[in-house]
2 protein chains.
Amino acid sequence: MEIPGFTTIGIIGGAGQMGQWFKEYFESLGHTVLISGRKTELTWQDLAEQCQVVIISLPLDVSIDMARQVGPLMNKDQLLMDMCSMKHDICQAMKESTQAQVIGTHPLFGPSTAGMAGQNVIVCPMGEGPWLPWLESQLEAKGAVVTITDGYTHDRNMAVVQALTHFMTISFGETLLQLGVDPKEIRPYATPIFRLKLGLLGRMFAQDTELYRNLICKNPMASEVLDQFLSSANEVKNNICHAPEIMTAIDAFLGTFPEQGMIESDACLETLAKFKERAM
Amino acid sequence: MEIPGFTTIGIIGGAGQMGQWFKEYFESLGHTVLISGRKTELTWQDLAEQCQVVIISLPLDVSIDMARQVGPLMNKDQLLMDMCSMKHDICQAMKESTQAQVIGTHPLFGPSTAGMAGQNVIVCPMGEGPWLPWLESQLEAKGAVVTITDGYTHDRNMAVVQALTHFMTISFGETLLQLGVDPKEIRPYATPIFRLKLGLLGRMFAQDTELYRNLICKNPMASEVLDQFLSSANEVKNNICHAPEIMTAIDAFLGTFPEQGMIESDACLETLAKFKERAM
């Protein structure tokens, strides 16, 4: 089987924010994109019939159900994909349900992202086939950094990348709430770094908080990582003031990484300083 | 007493990074700046004699000692300032030691900051005098956001703005160390937000970690704030998955702030996406 230059791609849940983002993305590469959703004329059955590539762009639970329904309608020349934030279970569900080639993907960015350049995308192929090099070339066409791995490794990393990150932000918000520290009132006292952390807290609550909660609660490996964080935070609290070697150990662990972090965070803080609303 | 358009400003510790930053800043406004340090010909005694304004730019402990030494050499027409990250104790020490006007200041940014525009500066005047409007005009000349408060209020806010912020970052680093998650290896899995948090971790360890440690350990109000964080983080861990109302409460507390946070963090994340080193 040979894949033509331009294909017809169907996005189930294509009216959602990420679905729309990828509709525009694939259209910008010259493909035809059809979408199905609650209010569309086309159904997901139509997409399975009319498209060479079918992408499930729905919440995790619904995606697994959809994989089991749409999978059997597809044949070995087609590609079935998903875009969930967790990969192991959905990849298994897709693979078990279809003869089509199956590739799980996780675009590691949200729908407010301006473009694909420099964005990370994880790809979890379930078996071999011609669609994997095609997908890589489509993503890399506009500068994505594609990493191929398996669902388990992906989910374990997400327990740190997503669950821990968002847990720290929620805990920060809960602390401000308990202390009664209003973000607007404390802004004139903000350092650039504190201002950035406040901004990330605001960012979470400007969006769908259920999504963030699910990234913690639906990852079976998250609980262990959060326990480690609580234990580490306690250790830091107990040692930081009389045993400074706790800092030395982290420093040694980070190696040469801090140089890169300094450059990148400097650029962010400069961006932040340009906002006139500083004092609100 | 009338303050002339251009003054002579002395910076004790003026060879340090912040001292150099403010030397260039005041020179850009047309003032003459003299500095003293371990390797300078001029001594701090010389500065007290020759300058109208003397700024102590040294670590906190040393600043308090210096205030007690330099204060008695100054007269009521002069201005004595400091730039420590803690304000209550140093302001008291300056006030008790001198007849000069005393103003504690805390520039809420580091020496890698490109310019004064949009930066927060806290000013703690100890009594009245003509130097306060002068100082405000000098800082605001290039766009600083000046907030006038007392040392106690400042230090209490810094327990959140500095101690808590840096504590969370150190605890994050300790967690990665304990989990064996190498920042470089996990970068291809990073979301923009995780990448930003990694960058802030790197930033801390690219600098003087003693400074960050002191911002936690020398603030008498930090311990209470860190305890609240640990307690809140435990509460979040225990409730997030079965009692989503913990998110609703934070959301209600934040009010309209998230909109601003979304705008600012979007701009930062766009800046970050421009770095070609993305995959390292």
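The values are calculated or read from the model by the stated rules, or taken from the named source; none is laboratory data. Predicted, not measured: the structure shown is a model, and the values here were computed from it. Cβ: placed from backbone, ideal geometry, glycine included. Neighbour counts: every protein chain shown. Keep in mind that these areas ignore ligands, DNA and RNA; they rest on the heavy atoms of the full protein, side chains included. Shrake-Rupley method; radii C 1.70, N 1.55, O 1.52, S 1.80 Å.
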Test set (1) surrounded by fewer than 24 Cβ atoms within 10 Å (Cβ to Cβ); (2) out of contact with any Phe, Trp or Tyr (no Cβ under 6 Å at 6 or more places or on another chain); (3) within 7 Å of another protein chain (Cβ to nearest Cβ) - A:Phe229 fails condition number:
(1)
Test: B:Phe253 is among the aromatic types (Phe, Trp, Tyr), part of a helix (DSSP H, G or I) and closer than 28 Å to A:Gly261 by Cα:
no
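Out of the residues in the stretch B:29-55 that are in contact with a Phe, Trp or Tyr (Cβ under 6 Å, 6 or more places away or on another chain) and either of a type in the set (Asp, Glu) or assigned to a loop (DSSP other than H, G, I, E, B) (or both), state the one that is least open to solvent (accessible area, probe 1.4 Å).
So the residue we want is B:His31.
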Exactly one condition in (1) of a type in the set (A, V, I, L, M, F, W, C); (2) closer than 24 Å to B:Asp251 by Cβ; (3) open to solvent by less than 40 Å² (accessible area, probe 1.4 Å); (4) assigned to a helix (DSSP H, G or I) is not met by A:Val181; state its number.
(4)
Residues of the stretch B:107-140 classified as over 18 Å from the mean Cα position of the chain (by Cα) and among the aliphatic types (A, V, I, L, M), total
2
Leading residue by the ranking (nearest to A:Glu24 (Cα to Cα)) among those in the stretch A:105-145 that are in contact (Cβ under 8 Å) with a residue 40 or more places away in the chain and hydrophobic (A, V, I, L, M, F, W, C):
A:Met116
Name the residue that is modelled with the highest pLDDT, counting only residues in the stretch A:256-279 that are more than 7 Å from chain B (Cβ to nearest Cβ) and either in contact with a Lys or Arg (Cβ under 6 Å, 6 or more places away or on another chain) or in a helix (DSSP H, G or I) (or both).
A:Ile263
Does B:Leu211 count as on the phi < 0 side of the Ramachandran plot and open to solvent by less than 30 Å² (accessible area, probe 1.4 Å)?
no
Any hit, the stretch B:187-198, residues being open to solvent by 30 Å² or more (accessible area, probe 1.4 Å), free of Cβ contacts under 8 Å to residues at least 12 places away in the same chain and at the interface with chain A (Cβ under 7 Å from one of its Cβ atoms):
no
Looking at the stretch A:165-183, is at least one residue modelled with pLDDT under 95 and either touching a Lys or Arg at 6+ places or on another chain (Cβ under 6 Å) or not charged (D, E, K, R) (or both)?
yes
Looking at (1) surrounded by fewer than 22 Cβ atoms within 10 Å (Cβ to Cβ); (2) within 18 Å of the chain's Cα centre (by Cα), can you tell me which one B:Gly14 breaks?
(1)
For the structure I just gave you, tell me whether A:Glu235 is open to solvent by 50 Å² or more (accessible area, probe 1.4 Å), within 7 Å of another protein chain (Cβ to nearest Cβ), farther than 30 Å from B:Pro107 by Cα and not small (Gly, Ala, Ser).
yes
Does B:Gly19 satisfy the criteria of being farther than 23 Å from B:Phe109 by Cβ, in a helix (DSSP H, G or I) and open to solvent by less than 40 Å² (accessible area, probe 1.4 Å)?
no
Of the conditions (1) more than 8 Å from chain B (Cβ to nearest Cβ); (2) of a type outside the set (D, E, K, R); (3) within 21 Å of B:Pro188 (Cα to Cα), the single one that A:Thr147 does not satisfy is (1)
Hits in the stretch A:206-235 - residues which are without any contact (Cβ under 8 Å) to a residue 40 or more places away in the chain and closer than 30 Å to B:Ser223 by Cβ:
A:Ser223, A:Asp227, A:Gln228, A:Leu230, A:Ser231, A:Ser232, A:Ala233, A:Asn234, A:Glu235
How many of the residues in the stretch B:117-144 are more than 9 Å from every other protein chain (Cβ to nearest Cβ) and surrounded by 23 or more Cβ atoms within 10 Å (Cβ to Cβ)?
3
The condition from (1) at pLDDT 95 or above; (2) over 25 Å from A:Asn157 (Cβ atoms); (3) part of a helix (DSSP H, G or I); (4) polar (S, T, N, Q) that B:Asn219 misses is numbered (3)
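Please count how many residues of the stretch B:254-265 are open to solvent by 40 Å² or more (accessible area, probe 1.4 Å) and either within 26 Å of the chain's Cα centre (by Cα) or not assigned by TED's automatic domain parsing to the domain that holds B:Gly199 (or both). Write out each step before concluding.
Let us first name the residues in the stretch B:254-265 that are open to solvent by 40 Å² or more (accessible area, probe 1.4 Å), namely B:255-256, B:259, B:263.
From what's left, either within 26 Å of the chain's Cα centre (by Cα) or not assigned by TED's automatic domain parsing to the domain that holds B:Gly199 (or both): B:259, B:263.
Final tally of qualifying residues: 2.
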Picking from B:Thr153, B:Thr165, which residue would you name as being free of Cβ contacts under 8 Å to residues at least 12 places away in the same chain, within 22 Å of A:Leu176 (Cβ to Cβ) and crowded, with 22+ Cβ neighbours inside 10 Å?
B:Thr165
